Structure formats: structure tokens, C-alpha cells
Amino acid sequence: MPQVIVDGQEIEIGAHERLNCIEAARRAGKEIPHYCWHPGLSVVASCRMCLIETGQRDAATGRIAMVPKLVPGCQTPVKDGTVIVTESALVKESRARVEEALLIDHPIDCPICDKAGECLLQDYHFEHGQPQRRADLQPFHSRRRDVGPTVTLFVDRCIMCTRCVRFTREVSGTGELMVTSRGAKEEIDSFPGFPLDNKLAGHVVDLCPVGALGDRDFLYQQRVWFLKHEANVCGGCATGCSIITEHNQDTVYRLKPRENPHVNKWWMCDEGRYGWHHLHDPARLLSAERRTAPDRSGAAWQTIDWPEVVDRLRSDLAAAGGLAVAVSPMLTVEEAWMLCAVARSIDPAAFLAVGHVPRQGSDETFPGGFTIRAEKCPNRHGVEAVLALFDPAVPGWDDLLAHVRGGRARSAWVTAGYPAPWPAPWIDADTAAAFAGLSCLVVQDLFPSALSDQATWRLPAVGFAERAGTWVNAGHRAQCFEQAIRPPAGVWPEGRLLWNMLGRRGLYDPVAVRRQIAGAAASLAALDGDVPATGIDLRILQLASNGTPSPA
Amino acid sequence: MKPTDPAIVWLEEKPLGLAERLYLPLFVQGLTTTARHLVSPKVTVSFPEERPRVGNPLIYRGVHRLNKDAQGRVQCVACFLCATACPAHCIDIVAAESPWPDREKYPESFQIDELRCIFCGMCEEACPVDAIELTSLLDLTGRSREEMIFDKEKLLSVYDMTKDAEPMSSAGLSGGSAHAHAGPQVSGSQGGAP
Ligand code: SF4
Ligand code: SF4
Ligand code: SF4
Ligand code: FES
């Protein structure tokens, strides 16, 4: 194993690993400050913040020969015997000088800069800068201009790391951004007539180490130090990007991608990034309601308290019999399993099918390898795996429609929870008409729809940040996540309702349900135990468990 | 400032001497204070008939005001630093892009819950542009809780009420020179050498 010496500490790296000094030092717990380097982008070594001392240890004699000059750590690969010095006086002096140079014409407008609190220039200045300002320049306001429909550039705050430019060239492949002018007059701009308008554009704001690029969706909304962070999974499409939901007082303010080498690397798409606004849409269904007129003609609804819903829903469905259930691919694995269990306890012959799977366009892959899926739901694979435990045929939404149209159902429970801002409502009046003849229809959705107009019971659903559980993405990777914010007052998440309908006591505990499912199904056995933050591939354990009898 | 900064002087508490540990001398000392107050002139006033005398209105911590700049616009830049510093969480700001070309951000709405406020003055300390200040107005009354939530207009009107008696402590930032005499008075008291 190759050995690298970081500040006198010997660490081993993999025989075929290609690391630079920043990554190698990180393994030894040393952070080398850097602006222009990003693991997902090419190396330009232009900011000079990562300058360090390096050398080479002679394997035979053990003598160390140091390079006489400082070298950029981002651009220097390590090999066996590489010596890295990150704390010497020379290195510290160099960092202070780089900081000083960057701050000479930087508008020190931190109080009104949205990046303050998560700005590398601030952090590194505090850590590596010098306390006194020697240049006597007046602070000035930053000029601003829009480089695209979602992103504003604060021209004078830019430190010219060119991360944003490289992103549009290498990852989104659209190349709208460029550097204009030269030397001290260098500026970022978009090419005339080509505004920064692509499906990954929001990233440049995350990549910008300073406050030069602002996301207009978030600009001025909240100071970053008020935000709380919860590791979540995006529900926008079947890719299931790992994200961080940033929220305060039960309001989501922004989403950011969370690094996950198996799913989204460092990226997420703009549709997902801005796809949280439906959570705070006033049009949401906010209480459990039952129609007062049995013929469903009148629009009179009666709000029912949740504890009462638990009993009356069951008795209504049991009275009608012939139950058909649509298990929405927006539900978590845990909720899907509990829904199936509840349905079968009401009607042992209940017809269980995967709910409507929304699709839009076709899969889109970007030059950086990131894919946006056409399947706009996060958990079809998970729901199918659960349904297979109850009905090996795993019927789909069309089968359910045929079942209902064929008059074989007398009651139905349709879970939906689709976010609203799709080009069209998820269900049209014609399809909804198929359910008109049922004696009891339960619709659980985020927003009113043609189907909820037919319903006997209209139950609210919750959005992605409001649930906890497990989703299985298009690559069969199961990711577990916690609830980030509480749903609006008066809304029980699906999990809580189903937990109570199963007669279980106490608070809804997704982990307990997950363990139970993992114990009952070989296909989901990987979910037993702690699932890492980057998720777990269900197929690997499925392959390993092939041939062994299922414990179910 | 880092905890390792050489400018920080770390003080240790002195160990108790014999007199402190004996208790009796301190007891006598306390009683002497009580006795002195029995005979000294009275400081209690019968408020509200009689107004208390405010020593230095510039450092008194009463009702807040939001200062205006030379053009009469709200001076606040909506940085939320006062709301961050406030231990009572009584400041609520909604920021927006400013309607003026020379300013980036301004408070669209600015509310202080005067009932929740503990009048600590942290907001004034935190403000980078001296936009929020505590005045010497001390009789703060209202008939409802809602009335005691002061909005931007009300806080700006407190400025108009008090600006002559209590000029802004940092006239330099407002761009005006009318209040310049107030500057050195207040800041001079803080700049003592260690
Ligand atoms: S705008 Fe930000 S990301 Fe782009 S070059 Fe400037 S500092 Fe770097
Ligand atoms: S005086 Fe103290 S409690 Fe009152 S608003 Fe200011 S910071 Fe908050
Ligand atoms: S600290 Fe001053 S400038 Fe900042 S929001 Fe408060 S009053 Fe406005
Ligand atoms: S990070 Fe190495 S030079 Fe910028």
C-alpha cells in the first residue's frame, strides 16, 4: 500500500487510488483551504489558496527531499512516499497573502450578502487571514446583473475561481458562462443571447465559494444561520437524489444536493431544487373530510377528527367490501407495506395495485453523467417490491382501472400525493369517472383533483420533506430519511394514520416497520439494520440471498 | 476574535482572604449600607405624575426606533443581525430587494414585539449601520398585545419623535452632518486603552 506523510503522520492510501494532496490530507484529518478545486470539476489551480509544501521520501534511504517552492495541492497527485506539509510558516504566510489579495477589492458587504455564514472567503479569512487590513480602499457596493432567469451575479464579490464556468462546460454541457476581460478587470458573464438557463443551472450558486452568485428563489429570504438541515431524498423523479432540506420553523427555504457517489454525485436538477414550493401551497388538502350526502352529488364535507377517522374509515370500507387499493409510488416502503396490511385486514381479498406512475418526456443524461428520469416518482421499485409480497403479479394502475371498470370492486382507496406543478393534473375527469359507481371511495392526495371530487373520504397526504421512511430509486438503491418539517396543522402523515389503523401503539416508528419488512421479505432483507446515509443497493443482497429459502 | 488572541486578558478570581471568610466584617459592611440609605435623600418618584430623570438619554434603553438616512429612507439594510443577536427573539424582519438603485436590500416589514423585548440593547450593539437604537422613552403602554407589536412605520415615527432630543450616535453613516457632535461623546467612552 502506498504511504503518504501528512504533517508527519503516515497514512495509507489504496494502491490504485488517484488522490491529490487536498484529498490525501483530508484522510489525515487536515483541511487544506481551497477555492477553485471541486472534486466534480476539472483542475485549474488558479486561486492559489491550496499552496502547500511537498517532498518525496526516498524508499531506500528514507531521506526526504523537499520541493523548494510551494505547490498547489489541488494539482499535485500523491504517490508512495509523498510528503505533505500543510502547517509550515511559509504555507501560513502564503495563505494570508492570498486572502489579503482577494479582499483588496472585495466589497465587504457581508451583512447584506446572502452567502454570509457559509462563505469560504469569510471562513478562510477567519482561519488563515490577517487581522488588519493594510489597503485603505473604501468598501463599495457590488454591481449586480442577472446571468439567467434564476441566477443573479454580484459582479464585484466574485473571486474568479471559474467553478461556475467549468460547471456549465463540463457538467451541464451548455457552456453559457464565460470570463470576460483580463487581469484585474476579469468578470464572469453569460454569452450575449445565451442566458444561464439549463436544467442544472441552480448549481452554480452552490458551487460559488463566495456570494457572487445568488439564487433568486432564495435571495433575501432567510439568513443561512437560521436554517436547520435534514438529510432527505428528492421525490421529483426516479433518480432519487440525496438532498439536504434546509428549513426553519416548519418552512422549507431551499434544497441542496448531498454528496452521494452512488446516486447523484454532487448534483441535483433544478426541477427538484425548486420542487418544494407545493409543500407550502395554500390549496393543499388540510383535513380529513367525509362527504355528508351519500349520493356524492352535494359538495358538503364534514371534517372528522383523526382518531375517529381510524375507526370510521375501516368500518366504511368493510361495509362496502370488494376493496381495491392504489399504492402510490410517492409513499415510502414502510407506508406501502402498512397500507397493504391494513387493506388485507379489512378485506382479505383486496386487490392491491401500484398507483399511477407519472411520466414526462424521456430520460435526460448530461455530459457530467447526471440523469433526470422521465418517471416522476421516487419509489416505484420500492412499492413493487412490497406489493410482490402480497400479490406476485404486481398489478399496475391500468390493471386497477380495468378492475374497477369491470365492476369487480365495490370500494377503493387511492393514495396519490403527487405534487401539483405538473403540466397537467395527474388524473383527468374521464379516468376519475371510472370510480363513480363505487359505494365507498377514499382519496388521499396533496391537492383536490377530479378524483377527490368523486370521493366519499378526502384525506390529506404529505410531501417529501414531511415524511420519514425509505425510497428505492431507479437503480434499486434504498435510501432512508427522516422527516424534515412537520406537516401543516391538522394533517396526519400517511404513516401515522396507517400505524394507528394497524392498531399499533405510540408514535409511528418507521424503523420498526422497516425491520419488520426486512425480516419478512428476502427481497428487502438489506433494509435490516442501519442503512448508510448513501443508501444500500437492494440487488446486491438479493443476488447473495438467491437460492436460500426466504424467511417469510 | 479567537480565544487564543494575545489581546485577550484572562482574569482569575482572587482567593477569599481572612476577612471575607470571617463573615462578620461583610455583615457590618452590609448593615452600614442599609443605614446610609435610611438617612440619604430619597430617589423614588411618584410616576406618572412626576417624571423620572433620565441620566444620559443616549445610553438609556427604552423604546426602539428605526433611524432614517439623509434622504429620509429607513437606514436598516435588513441584515437580520439584530434578530440574530436578540435573546428574546422578538424581532421579525422580512427582507426584499430595495426599490432604490444605491441600496441592495431593505426591510419590507420590520416588527418588534415590545412585550417580549427585555430591553437589553443587544440589537443596537449588533447593528452594523446603527439603524436600530433604543431611545429614552420609557412609558410604553398599550391596550392589547397586537398594539405592542411595533411595525416599521411606528418605529420610524419614534425616530421622528426623538431625533432632536437624541441624535443618532453615528452621524457619519447616515451621511448627514447635523448630528456630528453626538458621535465622539458616545464612542469615546468605549475606546479606552486596556
Ligand atoms: S461567480 Fe462564484 S463560482 Fe463563478 S468564478 Fe466567481 S467566485 Fe467563482
Ligand atoms: S433590546 Fe434586546 S430583547 Fe429587545 S429587541 Fe433588542 S435585542 Fe431584542
Ligand atoms: S441589525 Fe440594523 S441593519 Fe441589520 S436588520 Fe437589524 S436594524 Fe436592520
Ligand atoms: S484549489 Fe488549488 S489553486 Fe485553487
Query - Sites B:Leu26 and A:Glu127, calculated FRET efficiency, Cβ-Cβ separation with R0 51 Å, nearest 0.05 - result: 0.60
**Report entry** Gyration tensor verdict on the range A:3-87 (Cα atoms; rounded if a/c is under 1.5, prolate if a/b is larger than b/c, oblate otherwise)
**Finding:** prolate
Query raised in the report: If the cut-off is a Cα-Cα distance under 18 Å, which lysines reach B:Lys2, setting aside same-chain residues fewer than 8 apart in sequence?
Result: A:Lys92
Report task. Assign one of three labels to the range A:51-209, namely rounded, prolate or oblate, based on the Cα gyration tensor with a ≥ b ≥ c the square roots of its eigenvalues; rounded applies when a/c is under 1.5, prolate when it is not and a/b is larger than b/c, and oblate otherwise. Result -> oblate
Query raised in the report: Gain in length, A:Ser439 to A:Glu186, computed as 0.36 nm per residue apart minus the alpha-carbon separation, to one decimal in nm?
Result: 84.1 nm
Query raised in the report: Of the peptides A:254-261, A:378-385, how do they stack up when ordered by the mean number of other Cβ atoms within 10 Å, highest first?
Result: A:378-385, A:254-261
Query raised in the report: Which whole-Hz ³J(HN,Hα) couplings does the range A:519-534 yield from phi under the Karplus relation 6.51 cos²θ - 1.76 cosθ + 1.60, θ = phi - 60°, glycine and proline marked x?
Result: x, 8, 10, 5, 5, 10, 4, 5, 7, 6, x, 7, 8, x, 4, 8
Query raised in the report: Where does each of A:Met66, B:Met122, A:Met501, A:Met49 land when they are ranked from fewest to most other beta-carbon atoms within 10 angstrom?
Result: A:Met66, B:Met122, A:Met501, A:Met49
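Using a 10 Å cut-off around each Cβ, can you sort A:Lys92, B:Lys2 from fewest to most neighbouring Cβ atoms? Don't jump to the answer; show the numbers that get you there.
On the way: A:Lys92 12, B:Lys2 8.
Lowest count first: B:Lys2, A:Lys92.
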Query raised in the report: If each residue's Cβ is checked for other Cβ atoms within 10 Å, how do A:Thr150, A:Thr180 rank with the fewest at the top?
Result: A:Thr180, A:Thr150
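Looking at the square roots a ≥ b ≥ c of the eigenvalues of the Cα gyration tensor of the protein assembly as shown, which shape do they give, rounded for a/c under 1.5, prolate if a/b is larger than b/c, or oblate? Show your work: numbers first, answer last.
Values: a/c = 1.93, a/b = 1.33, b/c = 1.46.
Oblate.
Using only atoms on other chains, find how many Cβ atoms lie within 10 Å of each Cβ of peptide A:221-228 and report the average.
Working: counts 3, 2, 8, 0, 2, 3, 0, 0.
So the per-residue partner count for this stretch is 2.
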Query raised in the report: With each label point set 7 Å from Cα along the Cα-Cβ vector, what nm distance links B:Leu38 and A:Leu286?
Result: 6.5
Requested in this report: Return the average number of partner chain Cβ atoms within 10 angstrom of each residue Cβ along peptide A:390-400.
Outcome: 0
Report task. Go ahead and estimate [θ] at 222 nm for chain B from helices alone: -39,500 (n - 2.57) per DSSP H run with n ≥ 4, summed, over the residue count, rounded to 500. Result -> -7000 deg cm²/dmol
Query raised in the report: Over all residues in B:124-133, what is the mean tally of Cβ atoms on other chains that come within 10 Å of each residue's Cβ?
Result: 1
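Values in this text are rule-based calculations from the coordinates and carry no lab data. Predicted, not measured: the structure shown is a model, and the values here were computed from it. Cβ atoms come from the backbone with ideal geometry, glycine included; neighbour counts cover every protein chain shown.
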